[in-house]
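The values are calculated or read from the model by the stated rules, or taken from the named source; none is laboratory data. For clarity, every value in this text was computed on a predicted model and none was experimentally measured. FYI the Cβ positions are ideal-geometry reconstructions off the backbone, even for glycines, and counts take in every protein chain you see.
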Amino acid sequence: MLVPIFQGNGGVAIVPSDTVQAGGPFRALYVGGAGHVTLVGLDGNVALFSTVPAGTVLEVGFVRVNATGTGATLMTGIT
């Protein structure tokens, strides 16, 4: 069975903020340092991803990573 491979067009370093968007919208988020991630989705809803392991790609569309509730580090937004 073939497994689809996620492919992005580019990346932007993400600095969590409760007010400032980093560009985007983004198709996915790479998490380089483990921790919680709080995203604002394309629909404006906030979602908390608990204890995301380092090296994870969250394949979810988003416009911002909130500082409140986010402890993960070394994040890259994938366009």
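Counting the residues of the range 28-53 that are aliphatic (A, V, I, L, M), in a loop (DSSP other than H, G, I, E, B) and over 15 Å from ILE14 (Cα atoms) gives 1. No other residue among GLY77, GLY71 is on the phi < 0 side of the Ramachandran plot, within 10 Å of the chain's Cα centre (by Cα) and either in a strand (DSSP E or B) or surrounded by fewer than 18 Cβ atoms within 10 Å (Cβ to Cβ) (or both) apart from GLY77.
When residues in the range 34-64 are screened for being surrounded by 13 or more Cβ atoms within 10 Å (Cβ to Cβ) and in contact (Cβ under 8 Å) with a residue 40 or more places away in the chain, 3 of them pass. In contact with a Gly (Cβ under 8 Å, 6 or more places away or on another chain) and either surrounded by fewer than 18 Cβ atoms within 10 Å (Cβ to Cβ) or part of a loop (DSSP other than H, G, I, E, B) (or both), is that true of VAL20? When the stated conditions are applied, VAL20 does not pass them.
The numbered conditions (1) at pLDDT 95 or above; (2) loosely packed, with under 15 Cβ neighbours inside 10 Å; (3) assigned to a strand (DSSP E or B) are all true for VAL12 except (1).
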